[in-house]
Structure formats: structure tokens, C-alpha cells
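Student: Sharing a structure below in C-alpha cells format, with a few things to ask.
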Amino acid sequence: MEYVLRTHDLVKKYDNKIVVDHLNLNVKKGEIYGFIGKNGAGKSTSIKMILGLIKPLEGTIEIFGETIKPRQYKHYERIGSIVDVAGFYPNLTAIENLEIHRLLMGIPDKKCINSCIEVVGLNKETSKKVKDYSLGMKQRLGIARALLYQPELLILDEPTNGLDPVGMKEIRELILRLSKRSQMTIFLSTHILSEVQQISSTIGIIHKGVLIEEICFEDFQKKNSQFIQLKVVNDRMAAYVLEKELNIIDYSVVEPGVIRIYDVIEDTSYLNRKLIENGIDFKESVTMKNSLEDYFVNLTGGEING
Amino acid sequence: MVNILLAEILKLKRSKILLLIPLGGLIPVLLMLLVYMDSQASSIIKTYVFGWEYFLDVTLYYANITCPAFFAILAGYIFTREYQLLTINSLFTYSFSRMKIFTAKMIIIIILMTVTFLLTIFFTMIFGLLLTKNRLLPDTLLDFVKINIEMVFINILLIFLAVLVSILVKNIIAPIVLGIIYIFGYAVLNRSFSVYVPSCLSSLFATYFTSQLGKNHPVMTHFELLPDIGTAFHTLIIVSSVSFIACIIYYRYSDVG
């Protein structure tokens, strides 16, 4: 297995408070890695350590198979990134901002600027100064900047922050397109779980600085198989009927009046009929699938934010 | 390095802060004009009595009160805007060291400081030609240019303090406050302890250099005694080297964000 990015026991403390605790990330070549966690979970700090913006207290970072040493810069040529909100010089146009990036990257060909602007759909807004851009346009310009030199690893920290649903969808599609077209490895950090669920091949869940789960999407799907959710008046009675009449044992009462049946039921109409025959009043019987949100809440034991 | 410098120049395009350069060049000349107009002599007498030395010295005197403040704000803007605009997050992820960025920014600041002093000379010449009937002797002009070059060096040494404050606080307010302190530092210029006050050093050195010309320079009338330039020099070296080393260490090793 070829890894583009790995971290080994990365630790960061601020004022004696551990912000990132022995983080071990494993990002495979060509995949979209969804790095999820609540606000303040340690996502941005982890990314800043990976990008050399802040120094880890302990641990090592391996990028493109090489352990990064202090003041080593060569690998940055192969990484594109947006950290926090993409920052730009407001007095300059989009093209001028990208020109600064081109100069600093040492890219000889100026054509790359226009092609990147086109990829993110800002080609009609090039004469505007960045101070007149909306947040969504700035985020797209940030992606254009990260793509300017076709990086092998693209690190995006909350790229859809502040975007409306249409903008979020556009960025999601753009990320998918990039991954498919150029086999780029994309490390996507977000607190919006639906964003990750739709495009990621591996998911890393960070909570209070600890990576509590790193799972590939196939395994996640297996773990989160279908279930039937019943909303009943009397859950005790319903549970009795499920066990005694239908021999269903893999079920749980998730909250009063709500039962989830995880056993495979071929004929749901038979289940419903049996419940009615046994005098169980139910308001709803639906086949559902555990979402990443449920999975996340189960793991972290709390609400998601954002 | 050339590309980093070009990028730094491009960042200043359409930037309003560049107005500080002509302002920094013009304000000392305007202050000199105020002093000239305030004089009791009639305008005809003034055109003959006030020689080029007067214009050049008074302008130099005011330039060394106002310019350090302008330079502190300019340097502060160039460094702090990267933190305030969050461009620092991408600036520090290029394949070169942070020290190259620091060096490029310092080169740009030094160029802008030199341009400011050149503009001061230019504006003084223009107003001098309008206000005096005396001839400008080549030696007088050369002396003035020489002192201005020396003052650029003094201000380069002083600017590290403003840069240090800027990168520590990461906000433009701090260098603005420092600039204001520089201007009010003028108030203690005649005190014996002024040789220990960084905000006075530029003016003290300007006075000293002018006094070394051995001519009748009106700026000297402001001082009862010549400054203890040896102590002032030591203060300058200590302030600049401590600031410079602290700048390097902090800019190179500090965490971002």
C-alpha cells in the first residue's frame, strides 16, 4: 500500500491542554480522505502541523514516503492547500493573486493561471478585485490557487465553509472531478458529515484531539447496514412480539417508542401484519440506513455541530 | 529570490499605504515651510537671508522626526497584513525558507525608505528654488545627500524594532502606536537621557551629522549641547541587533495561527 501522507503519534499542546493527541493518519495515494470532527476537535491544528505552520510537540510526519525534518521545504512543491479561510490580497484581482502564487512557486508558464480560474468557474470574474468577491468565490479562488501547479496531494481545510448549498455541491463535484481526472490525493477536513459521506474513500474521525476511527468507506457501509425502524405506542409489547412471535433478536430500543431491527427481514409486510395481529399499534415502519452522522454521534457520544 | 521580490512588489499594487511614501517625503518640507512662513522677516528679506543650508537642515530635522514613524507603519503594514489577511498560511507553505520571505520584505521596506528620503531631497529642492535667491552650491547639495544616505542607514537599523513589534503582535495597530510614540519621542529630544530612547535616535544622529559639516546650520540652535553620540550609537546598535535577532528567531520558528 502506497501512502502519500502518514503521521506517527503527533502531539500538540497549547497551555498544557492537549489539542492533538498521538494522531496516526494514513492517507493512501489517489484517495479522498475525509477528516471529520467537531469544531475544535483538532482538525486545523493537525493540518497546520502537516503543512509545517506549527511544530508538533511529539511525533513525526511522513509525506510522499519521506519523514519530514525541520526546515525541510522541498515536499511543499507537491502539495496544494487551503488552511482555514483562503487568504488573498484584497487590493488585487484574482489573476494578480494567482500571479503572486505562480511567482512564489516558480512556475514559468503563465497559462496555468487562466486554466485554473476556468476549472473553478471564475473566468467571468477575473477583472474584479478580490475584496469584491463573495466568500464562496474566495473559496473557489483558494482551490484554484491550490491547483495551480497540479499538486499530488491537495489538503483542504473546511473548503465549503460559508458556502450556500449550491456552492457546497459545486465544490464537492469539483473535488470528485479532480480526484477522478488527475488521480490527485485529496485530504478533506470538514465538520459537515454529509460532505464527506458523499465523496470520501476513507474516513478519519477526530474527537478531542484523538483519532477515534479510521475506516475505509466499504467497511463503514458494512458496519452500517440497513435496519427497519418502527415507531410504536408500546415498545415493551412490541419487543416481546418481535422475540417470541418473529424470532427477531437483533434489535434495539433507541428511544422510547422507537425500535430498530437489524435482522435481515425479507418480507416487511409479514412483519407489519404480525405486529397488527398481536395488537401492536405502530405509527411508522420504514427501512433506513445508518448515516455517517449516526455513526459519528455513536462514536463521539454527542451532537455534531455546524 | 527575484521571484519572491517580484511577488512582494505585486502585493503592494493599488495599495493605499504607498501614499505614505510621497507623504513621508512632503511633510518635512511642509513643516520647514511653516517655520519659514512663521519667521518675522519680510518676504523679500527672507529670500536673501534664508540660504539653502536653512532649507536643507530644517527639512532634515523634521524628516528625522516624522520618517521613523512613517517607516514603522509601512514596515508594520508589510508584515502584519499577511497575518491579518490569513495569507501567511499559504506564504509559509512554499518550498523555500521563511528567512527568504523575511529578507524580501526587508529589501522592499529599505527600497521604500530610500525613495522617501529621495523624495524629501526632491521636494526640498523644488521649494528651495521657489523661496531663495541664493545659489545652491554643489558642496551643500552633496553634504545634504550624504547626510540623507547616512540617515537611511540609521533608519534601516531602527526599523527592526518596528518589524519585531509587528510580527509579535500581528496587528497593524501596534506599529501605528509605535509610530505615534516615535513622533512624541521628539518631546524628550533635548533631555540628557534621549540618547537611550530609540525614538530620538534618528533626530540625534541627524543633528550630529549636520554639526560635523562645520558650517552655520540653523538646526543646531535647537540644542544647547551636542548629543552624546557615542552613547546614542551604542543604544542604536543594541536596539537594532536585539530586535534583528529576535525578529529572525520569532519569524523563523514561531507557530502560525
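The values are calculated or read from the model by the stated rules, or taken from the named source; none is laboratory data. Every value quoted in this text rests on a predicted model; they were computed, and no experiment measured them. In this analysis, Cβ positions are derived from the backbone assuming ideal geometry, glycine residues included, and neighbour counts consider all displayed protein chains.
Student: Listed residues A:33, A:73, A:3; which is touching a residue at least 24 places away in the same chain (Cβ under 8 Å), farther than 20 Å from residue A:160 by Cα and not small (Gly, Ala, Ser)?
Tutor: Selected residue: A:3, the only one of A:33, A:73, A:3 that is touching a residue at least 24 places away in the same chain (Cβ under 8 Å), farther than 20 Å from residue A:160 by Cα and not small (Gly, Ala, Ser).
Student: Name the residue, out of A:108, A:90, that is farther than 26 Å from residue A:176 by Cα, touching a residue at least 24 places away in the same chain (Cβ under 8 Å) and not in a helix (DSSP H, G or I).
Tutor: Result of the check over A:108, A:90: A:90.
Student: Let me ask you something else. List the pairs whose first member sits in the stretch B:129-155 and is farther than 13 Å from residue B:60 by Cβ, whose second member is not aromatic (Phe, Trp, Tyr), and whose Cβ atoms are under 7 Å apart, counting only residues at least 6 apart or on separate chains?
Tutor: So the pair list comes out as B:131/B:47; B:132/B:47; B:132/B:51; B:133/B:47; B:134/B:51; B:136/B:128.
Student: Additional query: Applying the selection to the stretch A:48-71, what residues are touching a strand residue (DSSP E or B) at 6+ places or on another chain (Cβ under 8 Å) and either away from chain B (no Cβ under 12 Å) or farther than 21 Å from residue A:17 by Cα (or both)?
Tutor: A:51, A:58, A:59, A:60, A:61, A:62, A:63, A:64, A:65, A:67, A:68 - these are the residues of the stretch A:48-71 that are touching a strand residue (DSSP E or B) at 6+ places or on another chain (Cβ under 8 Å) and either away from chain B (no Cβ under 12 Å) or farther than 21 Å from residue A:17 by Cα (or both).
Student: Based on what the data block shows, is residue A:92 touching a helix residue (DSSP H, G or I) at 6+ places or on another chain (Cβ under 8 Å), modelled with pLDDT of 90 or more and among the hydrophobic types (A, V, I, L, M, F, W, C)?
Tutor: yes
Student: Sticking with this structure for a sec: When the stretch A:89-100 is examined, which residues are found to be facing chain B (nearest Cβ under 7 Å) and either aliphatic (A, V, I, L, M) or out of contact with any strand residue (DSSP E or B) (no Cβ under 8 Å at 6 or more places or on another chain) (or both)?
Tutor: The answer is A:89, A:92, A:96, A:99, A:100.
Student: Counting only residues that are modelled with pLDDT of 80 or more, surrounded by fewer than 17 Cβ atoms within 10 Å (Cβ to Cβ) and not in a helix (DSSP H, G or I), how many does the stretch A:69-85 have?
Tutor: The qualifying residues number 1.
Student: Among the residues of the stretch B:92-114, write down those that are within 13 Å of chain A (Cβ to nearest Cβ) and either of a type in the set (Val, Ile, Thr) or over 18 Å from residue B:249 (Cβ atoms) (or both).
Tutor: B:93, B:94, B:95, B:96, B:101, B:104
Student: Can you tell me how many residues in the stretch A:223-248 are of a type outside the set (Phe, Trp, Tyr) and at pLDDT below 80?
Tutor: 4
Student: Here's something else I'd like to know. Out of all the residues in the stretch A:6-51, which are over 22 Å from residue A:197 (Cα atoms) and of a type in the set (Asp, Glu)?
Tutor: The answer is A:9, A:15, A:21.
Okay, residues lined up against (1) buried (at least 18 other Cβ atoms within 10 Å of the Cβ); (2) touching a helix residue (DSSP H, G or I) at 6+ places or on another chain (Cβ under 8 Å):
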{"position": "B:101", "(1), (2)": "yes, yes"}
{"position": "B:106", "(1), (2)": "yes, yes"}
{"position": "B:109", "(1), (2)": "yes, yes"}
{"position": "B:113", "(1), (2)": "yes, yes"}
{"position": "B:130", "(1), (2)": "no, no"}
{"position": "B:139", "(1), (2)": "no, no"}
{"position": "B:145", "(1), (2)": "no, yes"}
{"position": "B:151", "(1), (2)": "yes, yes"}
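Student: Inside the stretch A:11-47, can you point out the residues that are more than 14 Å from every other protein chain (Cβ to nearest Cβ), in contact with a helix residue (DSSP H, G or I) (Cβ under 7 Å, 6 or more places away or on another chain) and part of a strand (DSSP E or B)?
Tutor: Selection gives A:23, A:32, A:34, A:35, A:36.
Student: Taking the conditions exactly as written (under 13 Å from the mean Cα position of the chain (by Cα) and in contact (Cβ under 8 Å) with a residue 60 or more places away in the chain), does residue B:75 satisfy them or not?
Tutor: Taking the combined requirement at face value, the residue satisfies it.
Student: So, in the stretch B:1-42, of the ones that are closer than 19 Å to residue B:113 by Cβ and in contact with a Ser or Thr (Cβ under 7 Å, 6 or more places away or on another chain), which residue ends up nearest to the other protein chains (Cβ to nearest Cβ)?
Tutor: For the stretch B:1-42, the residue satisfying everything is B:21.
Student: Of the numbered conditions (1) at pLDDT 90 or above; (2) out of contact with any Ser or Thr (no Cβ under 6 Å at 6 or more places or on another chain), residue A:33 fails exactly one; give the number of that condition.
Tutor: Unmet condition: (2).
Student: Still on this structure, please answer the following. Among (1) surrounded by 14 or more Cβ atoms within 10 Å (Cβ to Cβ); (2) of a type outside the set (Asp, Glu); (3) touching a residue at least 60 places away in the same chain (Cβ under 8 Å), which single condition is residue A:183 missing?
Tutor: (1)
Student: Ok, one more. Considering every residue within the stretch B:139-162, establish whether at least one is of a type in the set (Lys, Arg) and either closer than 18 Å to residue B:31 by Cβ or not in a helix (DSSP H, G or I) (or both).
Tutor: Within the stretch B:139-162, not a single residue is of a type in the set (Lys, Arg) and either closer than 18 Å to residue B:31 by Cβ or not in a helix (DSSP H, G or I) (or both).
Student: Here's a follow-up. Residue A:86: over 25 Å from residue A:216 (Cβ atoms) and at the interface with another protein chain (Cβ under 10 Å from one of its Cβ atoms), yes or no?
Tutor: Considered against the rule, which asks whether it is over 25 Å from residue A:216 (Cβ atoms) and at the interface with another protein chain (Cβ under 10 Å from one of its Cβ atoms), residue A:86 comes out as yes.
Student: Determine whether residue A:234 is at positive phi and surrounded by fewer than 20 Cβ atoms within 10 Å (Cβ to Cβ).
Tutor: Spelling it out, it is not the case that residue A:234 is at positive phi and surrounded by fewer than 20 Cβ atoms within 10 Å (Cβ to Cβ).
Student: Something else about it: Assess whether residue B:93 counts as being crowded, with 16+ Cβ neighbours inside 10 Å, in a helix (DSSP H, G or I) and out of contact with any His (no Cβ under 6 Å at 6 or more places or on another chain).
Tutor: In short, no.
Student: Moving on. Please name all residue pairs, on different chains or six or more residues apart, with Cβ atoms under 8 Å, provided the first residue is in the stretch B:160-172 and is under 7 Å from residue B:80 (Cα atoms) and the second residue is of a type in the set (Gly, Ala, Ser) and assigned to a helix (DSSP H, G or I).
Tutor: Taking only residues 6 or more apart or on different chains, the pairs are B:166/B:75; B:166/B:76; B:166/B:174; B:172/B:76; B:172/B:166.
Student: A further question on this structure: For the stretch B:219-232, check the following and say yes or no: at least one residue is modelled with pLDDT under 80, closer than 26 Å to residue B:28 by Cα and of a type in the set (Gly, Ala, Ser).
Tutor: no
Student: Continuing with the same structure: For the stretch B:18-54, give me each residue that is at pLDDT below 85 and over 26 Å from residue B:207 (Cβ atoms).
Tutor: B:42, B:43, B:44, B:45, B:47, B:48, listed by residue number.
Student: Within the stretch A:107-137, restricting attention to residues that are modelled with pLDDT under 85 and within 12 Å of chain B (Cβ to nearest Cβ), which residue is surrounded by the most Cβ atoms within 10 Å (Cβ to Cβ)?
Tutor: Looking at residues that are modelled with pLDDT under 85 and within 12 Å of chain B (Cβ to nearest Cβ), I get A:107.
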